[in-house]
Amino acid sequence: MDWISQIDAGKIVLFTMVLSRVSGLTATAPLLNTPESPMQFRGLLSASLALLITPTQWNVAVPEPGSLVHYLVLVGSELVIGLCLGLGLMILFSGIQLAGELIGRVGGLMLSDIFDPVMGESVPLFSRLLHLAALAAFVLIGGHRMVVAGLLDTFQTIPLGSGAAPFSMADAFLALVTQSFSLGLRAAMPAVTALLLATLVMGLISRTVPQLNIMAVGFGLNALLTFGAVSLSLGAAVWVFQEQIGPALEVLLDGLHAPLRSEWLF
């Protein structure tokens, strides 16, 4: 058991800090925070990435924690950095889900909601469809590689053990919310415009032909128009989303790489 006494405690602390930062990302990244990615897989992925990243940080001088509270705060600050990166991506993906909700509400198909285990609540069917299409586009353009590259860059701008919090992320999150809302409106606009015009036409028909039961005919016709509009505009919605990935990641990474304004004091 002499080998136990030869283990450098500082290196163990270094590894746990790297693991905490990586775990924050894997716990909240859109591709991983789903029931299809079990906790065992995410834990193994976090440990594997931490084992690969730790040798690159081998020469970083990590302060020795003076107490358990000090150590937990340092680990928590590393976890926050990873969480900020993952939550920023979630804000971006919420915009495409907003587009699906707008289409479902205007199309009168809110009764077709399905339970989304990711959100923990019922969501419109089109929100789930657009979310899956956005995930596919995100992977195809290499968004996951850009996120990992951004995570690696944080080890240069925010050294391990600095105990610093990226307060500039508040401005980055505000910009991401704005971009996400704009993304949702732009992605839903073609289908929503077509549905509103169809509603206007059906209203004119009901006034012209009062004998026609517009409630019986209009519901089926509106559902048919909704599916047709979504089929025709799905490619445009995904195109709008993939155009926003680059600027959104740039805003997110700029917030993480901005100079730190303050540090934890002990």
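Tabulated values for the structure
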{"read-out": "Near pairs, Cβ below 8 angstrom, 6+ apart or cross-chain, from region 15-35 (without any contact (Cβ under 8 Å) to a residue 40 or more places away in the chain) to any residue that is of a type in the set (A, V, I, L, M) and surrounded by 18 or more Cβ atoms within 10 Å (Cβ to Cβ)", "value": "F15/A50; L19/A50"}
{"read-out": "Single residue of region 36-50 satisfying the filter (in contact (Cβ under 8 Å) with a residue 12 or more places away in the chain and under 23 Å from L249 (Cβ atoms)) that is nearest to the chain's Cα centre (by Cα)", "value": "R42"}
{"read-out": "Residues that are surrounded by 10 or more Cβ atoms within 10 Å (Cβ to Cβ), farther than 17 Å from L152 by Cα and out of contact with any helix residue (DSSP H, G or I) (no Cβ under 7 Å at 6 or more places or on another chain), drawn from region 37-70", "value": "S37, P38, F41, G43, L44, A61, P63, V69, H70"}
{"read-out": "Any hit, region 203-221, residues being at pLDDT 75 or above and surrounded by 12 or more Cβ atoms within 10 Å (Cβ to Cβ)", "value": "no"}
{"read-out": "Qualifying positions in region 38-85 - in a loop (DSSP other than H, G, I, E, B) and small (G, A, S)", "value": "A61, G66, S67"}
{"read-out": "Region 128-156 residues that are without any contact (Cβ under 8 Å) to a residue 40 or more places away in the chain and under 22 Å from A188 (Cα atoms), paired with ones that are hydrophobic (A, V, I, L, M, F, W, C) and surrounded by fewer than 17 Cβ atoms within 10 Å (Cβ to Cβ) (beta carbon under 8 Å, 6 or more apart)", "value": "R128/I114"}
{"read-out": "Where a residue in region 91-108 is at pLDDT 80 or above and its partner, wherever it lies, is surrounded by 21 or more Cβ atoms within 10 Å (Cβ to Cβ) and not in a helix (DSSP H, G or I), with Cβ under 6 Å and at least six apart", "value": "G100/P124; E101/P124"}
{"read-out": "Residue match in region 138-154 (condition: assigned to a helix (DSSP H, G or I), buried (at least 19 other Cβ atoms within 10 Å of the Cβ) and at pLDDT 85 or above)", "value": "yes"}
{"read-out": "Checking L32 against (1) crowded, with 18+ Cβ neighbours inside 10 Å; (2) hydrophobic (A, V, I, L, M, F, W, C); (3) at pLDDT below 80, the condition it does not meet", "value": "(1)"}
{"read-out": "Among (1) hydroxyl-bearing (S, T, Y); (2) in contact with a helix residue (DSSP H, G or I) (Cβ under 9 Å, 6 or more places away or on another chain); (3) at pLDDT below 75 - the single one S122 does not satisfy", "value": "(2)"}
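The values are calculated or read from the model by the stated rules, or taken from the named source; none is laboratory data. Being a predicted model, the structure only gives us computed values, none of them experimental. Cβ atoms come from the backbone with ideal geometry, glycine included; neighbour counts cover every protein chain shown.
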